[in-house]
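S.K.: Sharing a structure below in structure tokens format, with a few things to ask.
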Amino acid sequence: MFNLAPVPVPDLSARVVLVTGAGKGIGAELVRILVANGARVYAGVFAGEAAEALPDAATVLTLDVTKQADVEAAIARIAAESGRLDVLVNNAGMITPIGPLADLASDALAPAFGVNVIGVHRMAIAALPLLRASKGVIVNAGTGAATTPMEGWTVYCATKAAMRMLTQMMAMELAPDVKTFFVGIPPTDTAMQGAIRQAGFNPISKIPQDKLVRPAVPASVMAWMCGPQARDVAEVLLDVRQEIFTNLMDLPA
């Protein structure tokens, strides 16, 4: 369904990167790619999470983006150990609860807003002094659900739409010192996609697993955005399927 391949990633040996939601899926793959290309990587994982194997060179942090203490401790450690932060990747995300809007208790929306919106803001504000000092970059992991309503995804669509606008506000108000981007990610073969298939709502749940994008594809795009060339990208709202990235992919004719 998606004719996509990983993009080449430049040398990142001078870059310090913090990735949230790094315990599995795209986040874990991103950490592996960043380390392989020389970056100093801080991998934020939730306490008690059954995380995937991460490279020994990555520094694993307990980081729940809904907890101010976790966020402040992570940034303080980065400042103490590395003295700088070049890129913040807000990859932590939450799609649940999935179900008809009329069946959702209003309070059930709060956790996803806490991760997908407030958590993104919390991370950005905490990291801002370091990012301003380094003329850094913020990469927010997005989705087409931010602009397209999907049955059963009230919470996910609403929170990602809010995150998309938050990205635009960050791009406006934090410039020129800090560049901010929203990178739309197509349906990818991760545990989140497994939850989508199990719930059975909307056409995304019907995509065969072998037709989903491999995690290495969006992870490589976000890794590319961790390089210094990202500051030359004029657009704020990006997508893995855009020419800026597909032109870099080694795709069959």
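Any read-out appearing in this document is the output of simple, stated calculations on the displayed coordinates, not a laboratory observation. In this text, all values refer to a predicted model and were calculated from it rather than measured experimentally. Glycine gets a Cβ as well: all are built from the backbone with ideal geometry, and neighbour counts include every protein chain shown.
S.K.: Any idea how far apart THR148 and ASP56 come out in nm if each label point goes 7 Å out from Cα toward Cβ?
M.R.: 4.4 nm
S.K.: A follow-up question, please. Please give the net charge around VAL17, taking every other residue with its beta carbon less than 12 angstrom from that of VAL17, where Lys and Arg add +1 and Asp and Glu add -1. Let's see the in-between values first.
M.R.: Working: positive: ARG15, ARG40, ARG84; negative: ASP86.
In short, +2.
S.K.: Work out how much length LYS67 to ALA47 would gain on full extension: take 0.36 nm times their residue separation and subtract the Cα-Cα distance, in nm to one decimal. The partial results should precede the final answer.
M.R.: Working: separation 20, 0.36 × 20 = 7.20 nm, distance 1.13 nm.
Once the chain is fully extended between LYS67 and ALA47, it gains 6.1 nm.
S.K.: Post the alpha-carbon centroid distance, segment 49-96 to segment 151-194, in whole angstrom.
M.R.: Here the answer is 18 Å between Cα centres.
S.K.: Assigning unit charges at the beta carbon (Lys, Arg +1; Asp, Glu -1) and nothing else, what dipole magnitude in debye, to the nearest 20, does the chain show about its Cα centre? Working shown, then result.
M.R.: Values: 19 positive and 22 negative charges, 36 e Å.
Approximately 180 debye in magnitude.
S.K.: Please list the equivalent ellipsoid semi-axes of segment 184-253, computed as the square roots of five times the alpha-carbon gyration tensor eigenvalues, in descending order and whole angstrom. Don't skip to the answer; put the middle values down first.
M.R.: Values: eigenvalues 142, 36, 23 Å².
Over the Cα atoms of segment 184-253, the semi-axes work out to 27, 13, 11 Å.
S.K.: Okay, moving on. Quote to one decimal, in nm, the extra length available between THR96 and LYS206 on full extension: 0.36 nm per residue of separation minus the C-alpha distance between them. Intermediate values should be presented prior to the final figure.
M.R.: Working: separation 110, 0.36 × 110 = 39.60 nm, distance 1.78 nm.
Extra length available between THR96 and LYS206 comes to 37.8 nm.
S.K.: What is the sum of charges around GLU173, taking Lys and Arg as +1, Asp and Glu as -1, for the other residues whose C-beta is under 13 Å from the C-beta of GLU173? List each step's numbers first, then the result.
M.R.: Details: positive: ARG132, LYS179; negative: ASP177.
Spelling it out: positives minus negatives among the neighbours equals +1.
S.K.: For all pairs of alpha-carbon atoms in segment 142-216, what percent lies in each bin of width 10 Å, listed from the first bin to the last filled one?
M.R.: 18, 43, 26, 11, 1
S.K.: Measure off 7 Å from each Cα along the Cα-to-Cβ vector at ALA105 and ASP11, then give the distance between these two points in nanometres to one decimal.
M.R.: 5.6 nm
S.K.: Something else about it: On each of the three principal axes of the Cα atoms of the chain, give max minus min coordinate, whole Å, ordered largest first.
M.R.: Taking the Cα atoms of the chain, the three principal extents are 49, 48, 36 Å.
S.K.: How would you rank 99-106, 176-183, 78-85, highest first, on the average number of other Cβ atoms within 10 Å across their residues?
M.R.: Working: 99-106: 10.1, 176-183: 19.9, 78-85: 15.2.
Ranking the peptides 99-106, 176-183, 78-85 by packing returns 176-183, 78-85, 99-106.
S.K.: Can you give the Rg to Rh ratio for segment 2-127, taking only C-alpha atoms and Rh from Kirkwood?
M.R.: The Rg/Rh ratio comes out at 1.02.
S.K.: Let me ask something else about it. Under the Karplus relation 6.51 cos²θ - 1.76 cosθ + 1.60, θ = phi - 60°, what is the ordered set of whole-Hz ³J(HN,Hα) values for segment 228-235, x standing for Gly and Pro?
M.R.: Taking θ as phi minus 60°, the curve returns x, 5, 4, 5, 8, 7, 7, 6 Hz for segment 228-235.
S.K.: Based solely on its DSSP helices, what 222 nm [θ] is calculated for the chain when runs of n ≥ 4 H residues each add -39,500 (n - 2.57) and the sum is averaged over all residues, nearest 500 deg cm²/dmol?
M.R.: Numbers: 8 runs with 89 residues, N = 253.
My calculation for the chain gives -10500 deg cm²/dmol from helical runs alone.
S.K.: So what are the radius of gyration and Dmax for the Cα set of segment 86-200, in Å?
M.R.: 14.9, 47
S.K.: Please sort 227-237, 39-49, 19-29 by packing, taking for each peptide the average over its residues of neighbouring beta carbons within 10 angstrom, highest first.
M.R.: So the order, starting with the most tightly packed, is 19-29, 39-49, 227-237.
S.K.: Using r as the Cβ-Cβ distance of ASP232 and GLN198, and R0 as 51 Å, what FRET efficiency do you calculate, to the nearest 0.05? Please report the intermediate quantities before stating the final value.
M.R.: On the way: r = 41 Å, r/R0 = 0.81.
Once the sixth-power term is evaluated, E becomes 0.80.
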